[in-house]
Amino acid sequence: MGKMKWCVLGLAAASWAQATPAIAAFACDQVQDLSSAPYAEAKFKSALDHAKLQLPTSSTCLTNSKVTNYYYDPDNWYLDNTNMQFEIDNGAGSQRNELRGDSFAGTRTDMTFRSRMKVQYGGSFSDRFTVAQIYGETGGQPILRVEFLASRSGLSNRFWGIYRTNSGPLPSYEYKDLGPAPTAFTELNLVYNESGTVTAQLGSNPKQTWSTNFSFYAQSSKTTYFKTGCYLQDPGDCYVRLSTLTFDT
């Protein structure tokens, strides 16, 4: 059993074997298994104790109770060789396959998301997809998105931090380059409210910092949470694999 997905990286081709059957429809499928569910891997439990799975839209596919009782989706979210795999095959724009963490107060400080991840790109893969978010629950808008962009500002196949500087119907954003999209496991760390800033760092690349109008988010009446996985800005495939994941709640 297994399938192989190829992706073009410059002139080289890369692949990794998947422990799932041939491509299936992108829809929520709930299966309980003590070995294939991400909760079976001890290193993920601290994050999964405070998370639920959303796909193919913002609707909950697996509640936290299901996640912690060893449910998984064999086509889209599963454990493969001790790693957590998020997968969308031939998805439409705005479809998602994401873990959503528990909410925390907007006034909390030094709230941290830590991961090691890798992605695939080229060929049938989407040219734009989000892999992590700091999400402002009150008002329903991302504060910071980490997005793969196949092309921006003369740079190819990079992760970008995209910070929303205002609210309302006409949002504005600050883009900062985080570095080449990782095809080997690489740390991606985010921090919310580090001395009134939001930060993101990919591997050993420079840490990027945003602070414009941050006081709008850091109010006692507002709540925030972390997300990770695949969110498609453009149609296509999306494969995001994590070897580690922890976050504060």
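Lysine pair count for the chain (Cα-Cα distance under 15 Å; residues 8 or more apart in sequence or on different chains): 5. The P(r) of the chain has a tail past 23 Å containing 47 percent of all C-alpha pairs.
When the Cα positions of M111, A92, Y231 are compared along the charge dipole of segment 89-247, M111 comes out farthest toward the positive end, with charges on each C-beta of Lys, Arg, Asp and Glu. Among K207, K118, K227, whose mean-square fluctuation peaks in a Gaussian network model of the chain (Cα, cutoff 10 Å)? Maximum among the listed residues: K207. Scoring 150-157, 86-93, 34-41 by mean Cβ neighbours within 10 Å over their residues and listing the highest first yields 86-93, 34-41, 150-157.
For G179, the residues whose modelled amide H falls within less than 5 Å of its own, excluding neighbours fewer than 5 places apart on the same chain, are F159. For segment 89-247, relative contact order (Cα pairs under 8 Å, six or more residues apart, normalised by length) works out to 42 percent.
Take segment 176-229 with all the other protein chains still there, run a 1.4 Å probe, and you get 40 Å² of accessible area per residue.
Surface composition of the chain: carbon and sulfur make up 48 percent of the accessible area, probe 1.4 Å.
Separation of segment 139-184 and segment 22-76, taken as the distance between their Cα centroids, equals 27 angstrom.
The values are calculated or read from the model by the stated rules, or taken from the named source; none is laboratory data. Given the structure is predicted, the values throughout are model-derived calculations rather than measurements. A quick note on method: Cβ atoms are made from the backbone with ideal geometry, for glycine too, and the neighbour counts reach across all protein chains shown. Calculation scope for accessible area: heavy atoms of the full protein, side chains included, ligands and nucleic acids excluded. Shrake-Rupley method; radii C 1.70, N 1.55, O 1.52, S 1.80 Å.
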